[in-house]
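Undergrad: Starting off with a structure, shown below.
The values are calculated or read from the model by the stated rules, or taken from the named source; none is laboratory data. The model shown is predicted, which means the values in this text are computed figures rather than measured ones. Only protein heavy atoms, including side chains, enter the accessible area calculation; ligands, DNA and RNA are left aside. Shrake-Rupley method; radii C 1.70, N 1.55, O 1.52, S 1.80 Å.
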Amino acid sequence: VRLAAKTFRLDGSQPEEEKPNEPEQDERSPSCGSIRSDWSEEALRAKANDAKAQKEAKRSPDRNRRRRDDSRDLSPGSYKPRDWSVDSMKISADDAAALTFGAGGRTVERIQRVSEAEVELLDKELILEVRGTELQRRRAKKYANIIMKQRMGPNMITEDFEDGDLTILCVPPDVVGYVQGQGGMVLRSIEEEWGTLMVFIDTDLSKAQRLALFGSIRGRRGSELKVLSAIETKMGGYFASVRDSVISRDKYKDPTGTWGTDTMTFRDEGEISYALGKQGGTRKKLERSSGAIVQYVGMVA
């Protein structure tokens, strides 16, 4: 208070005359006890403290974020199964081209979606990395080998291909092209809709072609019924010849043990048109509301 009063001359004192030859360092020296010296030191200390506080404030969100990230990493859901691992497949340049072939090079995405494994193609190293459980890795490598061998012709499916993820459907030779579509676009669209992988496995084009469908039980049934609907459009009455085998396939084989297929027959074209709706809108509504797969194959739902 006294220093402030003296500074603003509130105590009635007169300003001291400046000494012309007084060294400048004495004015700034801490030992002289001047206001300027005290103020400068306080300002410097305050500035240093502010800088330190700001630095700590910047660090603390990072530390808190790291703590939150660490706690998230340690959550029960983040633990991988015991059989989770990484497999690497050495492939050739032609194999790599086969895996990147197609619309937007999405073949690897198809394998990943159907197998539920993490699949990465390292182009420069020509390595296919597969991450997941033992079952996921085995399926992903199987699908990759099937696609890579397709460039040399149809695949031969052996018994070891059956891994609880395979359905084989016979397609009459007269409608193979119709089922495939131009450049295989029809099959690709069905794969995209149901999350499956579909390949023809026979070389003799003079007889019925076997179509292999890989994927979940629901995805395979949805794809199968879509193909059967297309076949029935071109060859009326075909579904009647395979109806029993189709309906009984995979019965009770889902995790809940309740999977099955029910059918109902429409009386006439009017009924099926009403149940189908404009551009299949009514059928899609029935699917969404019931949670079941609803498909019309000829006059049969």
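Undergrad: In whole angstrom, how long is each semi-axis of the equivalent ellipsoid of the range 157-276, when you take the square root of 5 times every eigenvalue of its Cα gyration tensor and sort them from largest down? Can you show the working numbers first?
TA: Details: eigenvalues 99, 84, 39 Å².
Values for the range 157-276, descending: 22, 21, 14 Å.
Undergrad: Given the Cα-Cα distance of ALA4 and ASP83 and 0.36 nm per residue of separation, how much length would full extension add, in nm?
TA: Details: separation 79, 0.36 × 79 = 28.44 nm, distance 7.72 nm.
Gain on extension, ALA4 to ASP83, equals 20.7 nm.
Undergrad: Something else: By accessible area of protein heavy atoms, probe 1.4 Å, what ranking do MET264, MET198, MET299, MET89 get, highest first?
TA: Numbers: MET264 115, MET198 0, MET299 60, MET89 30 Å².
These residues rank, largest area first, as MET264, MET299, MET89, MET198.
Undergrad: Counting alpha carbon pairs within less than 8 Å and at least 6 residues apart, what relative contact order, in whole percent, applies to the range 166-301?
TA: Numbers: 158 pairs, mean separation 28.8, N = 136.
About 21 percent, as a whole number.
Undergrad: A 18 angstrom limit on the alpha carbon distance is what I want to check against. Which of LYS80/LYS142; LYS90/LYS124; LYS226/LYS284; LYS251/LYS285; LYS90/LYS149 exceed it?
TA: Working: LYS80/LYS142 22 Å; LYS90/LYS124 11 Å; LYS226/LYS284 13 Å; LYS251/LYS285 25 Å; LYS90/LYS149 15 Å.
From the list (LYS80/LYS142; LYS90/LYS124; LYS226/LYS284; LYS251/LYS285; LYS90/LYS149), the Cα-Cα distance tops 18 Å for LYS80/LYS142; LYS251/LYS285.
Undergrad: Subtract the Cα-Cα distance of ARG106 and SER241 from 0.36 nm times their separation in residues, and report this length gain in nm to one decimal. Write down the numbers at each step before the final one.
TA: Values: separation 135, 0.36 × 135 = 48.60 nm, distance 3.61 nm.
Stretched fully, the ARG106-SER241 segment lengthens by 45.0 nm.
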